[in-house]
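Peer 1: Let me give you the structure first, and then I'll get to my questions.
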Amino acid sequence: MLPFLVPQTIKPPSSPPHLLASASARSSPKLPLCSLPSNPSAADKNPQIQSLSQLGNLLQALQVLPLEPNPSQRTYELLILSCTARSSLSDAVRLHRHLSDDGSDQDPFLATKLINMYSQLGSVEDARKVFDETRQRTIYVWNALFRALTTAGEGLEVLHLYRQMNRTGTQSDRFTYTFVLKACVASENLIELLMKGKEIHAHILRHGYETQVHVMTTLVDMYAKFGRVAYADFVFDEMPVRNVVSWSAMIACYAKNGYPFEALELFWEMMLGENESFPNSVTMVSVLQACGALAALEQGKLVHAYILRKGLDSILPVMNSLVAMYGRCGKLEQGQRVFDQMKERDVVAWNSLISMYGIHGFGSKAIRVFEDMIDSGVSPSPISFVSVLGACSHAGHVEEGKILFSSMAKEHGIYPTAEHYACMVDLLGRANRLDEAAKIVQEMRIEPGPLVWGALLGSCRIHCNVDLAERASRRLFELEPTNAGNYVLLADIYARANMWREVNRVKKFLKARALQKVPGRSWIEVKRKIHSFMSVDEFNPHKEQLHALLFKLSTEMKEKGYVPQTNVVLYDLAEEDKERIVLGHSEKLAVAFGLINCNSGEVIRITKNLRLCEDCHLFTKLISKYAEKEILVRDVNRYHHFQNGECSCGDYW
DNA sequence: GTAGGGTTAG
């Protein structure tokens, strides 16, 4: 029996006995130490395993007994692996002492193993000590340290040491490049590290590594994490060899950086183009994300069918993304159905469901799901609270939100982060309890960041509180001097208060710094095709037709009492010009396109990249009544379900 | 002897 080598927590092995019985010590797999106990008969017969048993006992006795006289490299290697498998740092330290005593710690092979061991046991300091004490630093030793430091989030140190390594004349290999590229991402100071990453990119090309698919994929991913989609795109295009991981990295890059349309395009190219890579579960997660971002329900359904056909429906992250996709496409029943069919549900699955109900304004339902989650024995995560507090905010459930917020630390041991405080500020601010919201900011246990001040400024906009808005924006501008959205928000508040001099001052400031607000964009899926609209889009082939229809609708609705909400326009123009501007908003163009192209009875689904403006909201409500159409619009915050002249948000958004 | 892509929110 090997009680020492095999902790109870390690699950029984699935590896066949022949793997364990490998004759060559060097080629034996990593598993055997964990795999031994389930097959005692094999262990009895196998000399290798018998010696493992002795080693186990030996290690157990390390404190009092000496090791065998001259432990071999293989003996030490197995002992190191055993410490890692048992997660015992104290044994690891004792073992390390033995290696130091007989000089084996100077063996670069064992030094590498020691570094890996300490890294996996969570002690990067000890890993570093091993490295510092190793005189013969082979590329394996360097790579092990780079990996350990990157895992511990010490990317800057990796880059510092990488420079040192280059000076000593040690050549990087393909593993080094993947580690140092990852180190660029695993640090804080963004722009400098991007420069460093580009420099390493140049080294890679200079040394002829562009055919190494691991290296190039890591490069794609590094640019993706920096949000440099064009660079990622370029590297991917130039790759001579691609596999499923490279395709997935590029699709994820698009999906995560606001290019969901391109993500879907690449997915179809992967499916239908001439290449030998086929999507797997990881690919599908990003593809579902892209469908959700576009509210592309028909595409999403196709993807769902593919998942079923390929048998990927038992994979938890895939199912979680599927729930989220249906939620974001406005198909609550479908989302709930997928969730109900799941055999196992983790906290992410529950969070997806909570946020699905939350963004649709079903606050009470979201709270109930949150409670069901706890009843089922799943502990909430910080994201669970972001979702459920967001749900309270959208539905105006202030008291429930306050109770949940105070339960975070008390009942669940989760301390509020900036995200949670921002949710509370939003919840109170929206409900016109600005004093309470401001008090939360004042009494926060952490420094209020841009998220929190932004939430406060947003609330000031809803309730037109100029004084508080000026205070919040002052801090916000200090923290995010180049975020044009914040300045636009303040200008909007001034405009609502008819303070045009101040509006112009903010606009001049923006112009002087060449800051531009993100242009409004809307998307609509019609017959599995996605169409995109911008308010200023000279090249849209449907422009004339859509404008004509909108003008006609607007005129008719005015006769029925529609008054255009022109106060959303930040220019001090004649009323007529303001009306023309609001009538050209991207979301109205998408509605008009949907009216022309969707069959009767079909729901119009639109997504927008910004918050819905008051005029588009009112206009769409009226259209839903006069055209007898159900219209779903998801803006950056939540869903609006327009039907028969009403919106599911109850004009509270 | 070591390596690359993914889930929920904002």
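Peer 1: (1) more than 26 Å from residue A:181 (Cα to Cα); (2) open to solvent by 30 Å² or more (accessible area, probe 1.4 Å): which one isn't true of residue A:122, the others all being true?
Peer 2: Status for residue A:122: all satisfied but (1).
Peer 1: While we're looking at this one, here's another question. Out of the residues in segment A:611-637 that are surrounded by fewer than 22 Cβ atoms within 10 Å (Cβ to Cβ) and basic (Lys, Arg), which is nearest to DNA strand B (Cβ to nearest atom)?
Peer 2: It comes out as A:611.
Peer 1: May I ask you to verify whether residue A:572 is exposed (fewer than 15 other Cβ atoms within 10 Å of the Cβ) and outside any loop (DSSP other than H, G, I, E, B)?
Peer 2: No, not satisfied.
Peer 1: Inside segment A:446-460, can you point out the residues that are within 15 Å of DNA strand B (Cβ to nearest atom), part of a helix (DSSP H, G or I) and not aliphatic (A, V, I, L, M)?
Peer 2: Listed by number, the residues that qualify are A:450, A:453, A:454, A:458, A:459.
Peer 1: In segment A:177-192, what residues are surrounded by fewer than 21 Cβ atoms within 10 Å (Cβ to Cβ) and under 18 Å from residue A:147 (Cα atoms)? Steps first, please.
Peer 2: Looking only at segment A:177-192, we keep the residues that are surrounded by fewer than 21 Cβ atoms within 10 Å (Cβ to Cβ), and these are A:182, A:185-192.
Selection gives A:182, A:185, A:186, A:187, A:188.
Peer 1: Out of the residues in segment A:326-358 that are under 21 Å from residue A:260 (Cβ atoms) and among the hydroxyl-bearing types (Ser, Thr, Tyr), state the one that is farthest from DNA strand B (Cβ to nearest atom).
Peer 2: Among those residues, the one meeting the criterion is A:326.
Peer 1: I've got another one for you. Considering every residue within segment A:480-494, establish whether at least one is more than 25 Å from residue A:417 (Cβ to Cβ), of a type in the set (S, T, N, Q) and either touching a Cys at 6+ places or on another chain (Cβ under 9 Å) or assigned to a loop (DSSP other than H, G, I, E, B) (or both). First the steps, then the outcome.
Peer 2: Step one: list which residues in segment A:480-494 are more than 25 Å from residue A:417 (Cβ to Cβ), which gives A:484, A:487-488, A:490-494.
Among the residues that remain, those that are also of a type in the set (S, T, N, Q) are: none.
There is no residue in segment A:480-494 that is more than 25 Å from residue A:417 (Cβ to Cβ), of a type in the set (S, T, N, Q) and either touching a Cys at 6+ places or on another chain (Cβ under 9 Å) or assigned to a loop (DSSP other than H, G, I, E, B) (or both).
Peer 1: Out of segment A:496-540, which residues are among the β-branched types (Val, Ile, Thr) and open to solvent by 50 Å² or more (accessible area, probe 1.4 Å)? Before the answer, list the steps.
Peer 2: Start the filter on segment A:496-540 by keeping residues that are among the β-branched types (Val, Ile, Thr), which leaves A:503, A:506, A:518, A:524, A:526, A:530, A:536.
Correct list: A:518, A:536.
Peer 1: Tell me yes or no: at least one residue of segment A:405-420 is among the charged types (D, E, K, R) and under 21 Å from residue A:320 (Cβ atoms).
Peer 2: Among the residues of segment A:405-420, at least one is among the charged types (D, E, K, R) and under 21 Å from residue A:320 (Cβ atoms), which makes the answer yes.
Peer 1: Continuing with the same structure: Test of understanding: among A:163, A:167, A:174, which residue is within 17 Å of residue A:214 (Cβ to Cβ), over 23 Å from the mean Cα position of the chain (by Cα) and surrounded by fewer than 21 Cβ atoms within 10 Å (Cβ to Cβ)?
Peer 2: Criteria check complete, one pass: A:174.
Peer 1: So, in segment A:209-258, of the ones that are in contact (Cβ under 8 Å) with a residue 40 or more places away in the chain and open to solvent by 70 Å² or more (accessible area, probe 1.4 Å), which residue ends up nearest to DNA strand B (Cβ to nearest atom)?
Peer 2: Among residues in segment A:209-258 that are in contact (Cβ under 8 Å) with a residue 40 or more places away in the chain and open to solvent by 70 Å² or more (accessible area, probe 1.4 Å), the one nearest to DNA strand B (Cβ to nearest atom) is A:214.
Peer 1: Need the failing condition index for residue A:406 against (1) more than 7 Å from DNA strand B (Cβ to nearest atom); (2) in contact (Cβ under 8 Å) with a residue 12 or more places away in the chain; (3) at negative phi, just the number.
Peer 2: The failed condition is (2).
Peer 1: If you don't mind, another one. Out of everything in segment A:465-485 that is under 24 Å from residue A:433 (Cα atoms) and of a type in the set (Asp, Glu), what residue ends up being least open to solvent (accessible area, probe 1.4 Å)?
Peer 2: Within segment A:465-485, the match that is least open to solvent (accessible area, probe 1.4 Å) is A:470.
Peer 1: Give, as residue ranges, the helices (runs of 4 or more DSSP H) completely inside segment A:377-445 that count at least 3 residues that are under 21 Å from residue A:360 (Cβ atoms).
Peer 2: A:382-395, A:398-412, A:418-430
Peer 1: Among the candidates A:278, A:261, single out the residue that is surrounded by fewer than 21 Cβ atoms within 10 Å (Cβ to Cβ), under 20 Å from residue A:523 (Cβ atoms) and more than 7 Å from DNA strand B (Cβ to nearest atom).
Peer 2: None of the other options fit; the residue is A:261.
Peer 1: Separate question: Here is a check on your reading of the model: is residue A:577 assigned to a helix (DSSP H, G or I), at pLDDT below 90 and open to solvent by 10 Å² or more (accessible area, probe 1.4 Å)?
Peer 2: yes
Peer 1: Still on this structure, I have one more. Within segment A:371-396, track down each residue that is surrounded by fewer than 24 Cβ atoms within 10 Å (Cβ to Cβ) and more than 9 Å from DNA strand B (Cβ to nearest atom).
Peer 2: A:371, A:372, A:373, A:374, A:375, A:376, A:377, A:378, A:379, A:380, A:396
Peer 1: What pairs come up if the first residue lies in segment A:106-123 and is assigned by TED's automatic domain parsing to the domain that holds residue A:85 and closer than 18 Å to residue A:175 by Cβ, the second is small (Gly, Ala, Ser) and open to solvent by 40 Å² or more (accessible area, probe 1.4 Å), and their beta carbons are under 8 Å apart, counting only those six or more places apart or on different chains?
Peer 2: Listed by first residue and then by second, the contacts come to A:119/A:152.
Peer 1: Suppose we keep only residues that are open to solvent by 90 Å² or more (accessible area, probe 1.4 Å) and not aromatic (Phe, Trp, Tyr) within segment A:541-557. Which one would you say is modelled with the lowest pLDDT?
Peer 2: As a first pass, look at segment A:541-557 and keep what is open to solvent by 90 Å² or more (accessible area, probe 1.4 Å): A:541, A:544-545, A:551-552.
Restricting the remaining residues to those that are not aromatic (Phe, Trp, Tyr) gives A:541, A:544-545, A:552.
Details: A:541: 80, A:544: 86, A:545: 88, A:552: 93.
So the residue we want is A:541.
Peer 1: Conditions first: (1) under 26 Å from residue A:102 (Cβ atoms); (2) within 14 Å of DNA strand B (Cβ to nearest atom). Residue A:182 passes all but one, so which condition is the exception?
Peer 2: All conditions are met except number (1).
Peer 1: Specify which of the listed residues (A:140, A:118) is modelled with pLDDT of 95 or more, more than 9 Å from DNA strand B (Cβ to nearest atom) and among the aromatic types (Phe, Trp, Tyr).
Peer 2: Of the residues listed, the single one that is modelled with pLDDT of 95 or more, more than 9 Å from DNA strand B (Cβ to nearest atom) and among the aromatic types (Phe, Trp, Tyr) is A:118.
Peer 1: Provide a single number: the residues in segment A:582-602 that are free of Cβ contacts under 8 Å to residues at least 40 places away in the same chain, touching a Leu at 6+ places or on another chain (Cβ under 9 Å) and open to solvent by 20 Å² or more (accessible area, probe 1.4 Å).
Peer 2: So the count comes out to 1.
Peer 1: Which of the residues belonging to segment A:609-653 are under 17 Å from residue A:326 (Cα atoms) and assigned to a strand (DSSP E or B)?
Peer 2: The answer is A:631, A:632, A:633, A:634, A:639, A:640, A:641.
Peer 1: Can you say whether residue A:288 is within 28 Å of residue A:245 (Cβ to Cβ), part of a loop (DSSP other than H, G, I, E, B), within 11 Å of DNA strand B (Cβ to nearest atom) and out of contact with any Phe, Trp or Tyr (no Cβ under 7 Å at 6 or more places or on another chain), as far as the supplied structure shows? Spell out how you get there, then give the answer.
Peer 2: On the way: within 28 Å of residue A:245 (Cβ to Cβ): yes; part of a loop (DSSP other than H, G, I, E, B): no; within 11 Å of DNA strand B (Cβ to nearest atom): yes; out of contact with any Phe, Trp or Tyr (no Cβ under 7 Å at 6 or more places or on another chain): yes.
For residue A:288, the condition - within 28 Å of residue A:245 (Cβ to Cβ), part of a loop (DSSP other than H, G, I, E, B), within 11 Å of DNA strand B (Cβ to nearest atom) and out of contact with any Phe, Trp or Tyr (no Cβ under 7 Å at 6 or more places or on another chain) - is not met.
Peer 1: Test each condition in (1) buried (at least 18 other Cβ atoms within 10 Å of the Cβ); (2) outside the structural domain of residue A:84 (by TED's automatic domain parsing) for residue A:151 and report the one that comes out false.
Peer 2: For residue A:151, the exception is condition (1).
Peer 1: Return the residue satisfying two criteria in turn: it lies in segment A:264-275 and is under 22 Å from residue A:329 (Cα atoms) and open to solvent by less than 10 Å² (accessible area, probe 1.4 Å), and of such residues it is nearest to DNA strand B (Cβ to nearest atom).
Peer 2: Here the answer is A:267.
The values are calculated or read from the model by the stated rules, or taken from the named source; none is laboratory data. Everything numeric here is computed off the predicted structure, so don't read it as measured data. Positions of Cβ are generated from backbone atoms using ideal geometry, with glycine treated the same way; all protein chains shown enter the neighbour counts. Just the protein is used for accessible areas: all its heavy atoms, side chains included, with ligands, DNA and RNA removed. Shrake-Rupley method; radii C 1.70, N 1.55, O 1.52, S 1.80 Å.
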